[in-house]
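The values are calculated or read from the model by the stated rules, or taken from the named source; none is laboratory data. This structure is a prediction, so every number in the text was calculated from the model and none was measured. Note that we place each Cβ from the backbone using ideal geometry, even for glycine, and neighbour counts take in every protein chain shown. Heavy atoms of the whole protein, side chains included, go into the accessibility calculation; ligands, DNA and RNA do not. Shrake-Rupley method; radii C 1.70, N 1.55, O 1.52, S 1.80 Å.
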Amino acid sequence: MAQRTRSQQADHIRHLLETEGDAVHAKASSFDDQRGDAYAAADNLEALRTEARAIKEDAIDQLPDLIDTVRDAVEANGGTVYVADDAADANAYVADVVDAQTEEHGIAGDGDTPSVVKSKSMTTEEIDLNDALAAAGIEVTETDLGEWVLQVADDTPSHIVGPAMHLERSEIAELFNERFDPDEPFETAEELTRFARDYLADHIQEADVGITGANFVVADSGTITLVTNEGNARKCAVTPDTHVAIAGVEKLIPTLVDLEPFVDLIAKSATGQSIAQYVTMLSPPTDSPTLDFDDPEEPITAGDAGKADRDFHLVLLDNGRMDMREDDQLRETLYCIRCGACSNSCANFQSVGGHGFGGETYSGGIATGWETGVHGQESAAEFNDLCTGCSRCVDACPVKIDIPWINTVVRDRINRSEEPAATDFLVDGLTPDMEEGGLDLGKRFFGNIGTVAKAASATAPVSNWLADADSVRGLLERTLGIDRRRDLPAFQRESLVDWFEKRGGEAASSRRASRANQADIDREVVLYPDVYTNYVDVDRGKAAVRTLEALGIPVQVPDLPESGRAALSQGMVATADRQASRLFASLAEDLDAGRDVVVVEPSDLAAMHREYERLLPERSFERLRDRSYEICEYVYGLLENGADPSALSTGDGAEPIAYHSHCQQRTLDLEAPTVAVLERCGYAPETTSAECCGMAGSFGYKHEYYELSVDVGQRLAEQIDGTKTVVASGTSCGDQLEGLLERDVPHPIELLAPGYRV
């Protein structure tokens, strides 16, 4: 599959923003808000998430044994288990089941074509079951309302849970009026739903075979669990005489007891419900009596159970899953319970939906793992860069899958699969990264942004003047994909490290802190000079130094290596690994001496607290994690331990401030300390509810994503446009908001630093 060019991708995203964006955003953001409320209301949420993850880890560990167990259980119940190697194998088996059923019992409906009714199943989407059965002369009808709408429209799902999320009610009404030509045109949701219910009921009644997926399969009893809000799945399972359940092998869990946390979590994470409308557990072939459609008034009794010779087939699909199980980086994907929470919590998904942020079958953050595992990384390459690593999905996922890391690893593999370009000789040996040939020049540029920034700072202001020239902007867009509409950062000639040394370095800082120390707090700080703070927004670094000194804390600002955050954002894992090791080595002596590492840019702190667990030895990671802090978090701790807030710039207690917290800062639960510090210093902060600013580091600079970045950013800007003072914790957040609001957006620490006035 050939990847889209930058221009083609930009056109594709622009089209989705115009045609589907409003509908997707309304529904996905609503689901996410409801999930947040449901999570907040659950007293035992973290315990449930931890338990669910442990069960999935255990189940995937013992997966071959669970397959044998469920085979024994289903066969003991009178059913059949078939393990399909791939899509073609599964489809052929199901077609054979339908043929055998109709040969034995005849065709149930009025026509001469075997008929199948299906409930919603992403696994059958994955294997293109409908097309395969149609090619075999079998009529298939989807019975989930959203899936049926898409079947009528000849469209594809845009969301794991809400497949027709991208369509407005008016569009569905227009589709149905055109297709079914009713006596009175459909207008309301009630009219559309009533028609669909009656239409599909007839098909279910006459079907030869019912096909469902399975949210979970209990191995020791052969019980399948169907979780829906429409009830159609249980009808498909028990109305036709033959029921086929198709599930990936990862859906197996050991025992019925293990099912409990998943039933509790799946509705909360998917739609914010305390529990789904229908939770159906069957150990088929069920002997439950079903309605006699020829005599619907006749009471259903247990004695009717034996009238039907019911048949059940459980098709367990491999299709790459067992290989994923052996892949240390993709294995976590198999813990997924298909709730869609990662999609709903993703700002980019909320704008373009699964038709932009998705592959052949799956969509949203977790789609990268699924598409790579079952369709190949070429499919994932189409949308993988839409994951900005913001980490908002981490808190949303009910089984705590590290979705950003999966996206990073697959991005790294995609990078390494590319053939070297003719221009590679221009950068070979000139860049300090660990990457092979074939890496996109734009990614290589942003992944080595520290080197770029150092050179640009050393040649400022000439470098800034050159970068602003029209001819240079055109060249940057053509070669590196940097959109010419995006304002570029202005590099400072004097870096933060240079400024600190010129003002006397560590000795001068100790003297200033000693004069200010009123609380006798015995701490020392190494302020980490991230690339942006060191070379671009030097003022926020200066503000951090002055704030700490005013609270009695001596500071060092050494020239330290990059954190690896920029490299990780481009999927350059080997480069990030080396940078992490170098940074830890540079800080080891300070950590040994008991100094605290304070970080201004939240994304760098997130690397130290999250990704370094995968890049450093365990003890090294823990040492750095336990002694590194975000700047406002650290100030909050000082104030809590007796430091005097009057040493800082303070408000009158009612001064309104709009505060936007960085995405990764929220994932680290560090929004609250900043709010608390602002309140302690006499301000009245109001936090934003937008998931993301849309800039996301290099993402907002790239030509193909510019419109998407601005679309996401506009939602944030509209929330705070009327507020006089706006502050933001992240580099990207500040840049995006300054461009959209056309005014300065300082870091909170600049507001707090001595001498600042609103």
Dipole moment magnitude, nearest 20 debye, region 25-65 about Cα centre, only Lys, Arg, Asp, Glu C-beta charged: 240 debye
Protection-proxy order for peptides 72-79, 230-237, 336-343, each taking the mean of Cβ atoms within 10 Å per residue, highest first: 336-343, 230-237, 72-79
Value of D in µm² per second that Stokes-Einstein yields for region 326-455, Kirkwood Rh from Cα pairs, at 25 °C (0.890 mPa s): 157 µm²/s
Calculated FRET efficiency for the pair D37/E103, C-beta based, R₀ 60 Å, to 0.05: 0.70
Gain on full stretching of the segment that runs from Q714 to D68 - 0.36 nm per residue minus C-alpha separation: 227.2 nm
Rounded to 10°, Cα long-axis angle of helix 21-41 versus longest principal axis of the chain: 80 degrees
Along principal axes, Cα extents of the chain, largest first, whole Å: 92, 55, 51
Mean-position separation - Cα centroids, region 676-754 and region 260-286, in angstrom: 39 Å
I211 long-range amide H proximity, modeled H, under 5 Å: V117, K118, S119, V244
With eigenvalues of the C-alpha gyration tensor scaled by 5 and rooted, region 395-552, Å: 37, 24, 14
Whole-angstrom Cα spans of region 113-196 along principal axes, big to small: 36, 30, 17
Over region 153-195: Rg over Rh, Cα atoms, Kirkwood Rh: 0.99
In Å, descending, principal axis extents of the Cα set of region 498-598: 46, 30, 21
Equivalent ellipsoid semi-axes, region 534-660, via Cα gyration tensor eigenvalues times 5, rooted, Å: 29, 17, 13
Dipole axis of the chain (+1 Lys, Arg; -1 Asp, Glu on Cβ), positive-most option in P398, V635, S709: V635
Distance histogram in 10 Å bins (all Cα pairs of region 76-143, percent per bin): 18, 51, 29, 2
Other-chain or far-sequence residues with amide H under 5 Å of T223's (modelled H): V218
Under the Karplus curve 6.51 cos²θ - 1.76 cosθ + 1.60, θ = phi - 60°, whole-Hz ³J(HN,Hα) for region 225-234, x wherever Gly or Pro sits: 10, 10, 10, 9, 10, 10, x, 5, 5, 5
Carbon and sulfur %, accessible surface of the chain computed with the full protein complex present, 1.4 Å: 46 percent
Dipole in debye (nearest 20) - region 650-758, about Cα centre, beta carbon charges: Lys, Arg +1; Asp, Glu -1: 220 debye
Region 565-605, Cα convex hull volume normalised per residue, Å³: 57 Å³
Counting DSSP beta bridges with both ends in the chain, the antiparallel % (nearest 5): 20 percent
Efficiency of FRET from Cβ geometry, D652 and D520, R₀ 25 Å, rounded to 0.05: 0.25
Set of lysines near K56 by C-alpha distance (under 22 Å), chain-local residues within fewer than 8 positions excluded: K251, K268, K400
Cα-Cα pairs of region 452-517 separated by more than 17 Å (percent): 57 percent
Where GluC sites (Glu not before Pro) fall in DSSP loop in region 584-619, at most 10 other Cβ within 10 Å: none
Intensity falloff of region 147-240 expressed as log10 I(q)/I(0), Debye formula with alpha-carbon point scatterers, at q = 0.13, 0.17, 0.21 Å⁻¹: -0.55, -0.88, -1.20
Fraction of antiparallel bridges per DSSP, region 201-266 only, in percent to nearest 5: 35 percent
Cα-only Debye scattering, region 545-618: base-10 log of I(q)/I(0) at q = 0.11, 0.22 Å⁻¹: -0.30, -1.03
Where only C-alpha atoms are counted, convex hull volume of region 33-76 per residue in Å³: 107 Å³
Taking the convex hull of Cα positions in region 167-291, its mean projected area over all directions (nm²): 9.6 nm²
log10 of Debye I(q)/I(0), alpha-carbon scatterers only, for region 78-222 at 0.11, 0.13, 0.18 Å⁻¹: -0.48, -0.66, -1.15
Full-extension gain in nm, S274 to V257, via 0.36 nm per residue minus C-alpha separation: 4.2 nm
Per residue solvent-accessible surface (Å²) - the chain, probe of 1.4 Å: 40 Å²
Rounded FRET efficiency, nearest 0.05, which uses the C-beta distance separating D626 from E168 and R0 of 60 Å: 0.75
Burial ranking of peptide ranges 251-260, 45-54 (average Cβ count within 10 Å, highest at the top): 251-260, 45-54
Convex hull volume per residue in cubic angstrom - Cα atoms of region 1-154: 227 Å³
Length added when fully stretched, V152-A588, from 0.36 nm per residue minus Cα-Cα: 150.7 nm
Peptides ranked, highest mean first, by Cβ atoms within 10 Å: ranges 4-13, 457-466: 4-13, 457-466
K443 - accessible surface, heavy atoms, 1.4 Å probe, Å² rounded to 10: 20 Å²
Quarter of the Cα convex hull surface for region 655-758, i.e. its orientation-mean projected area (nm²): 6.3 nm²
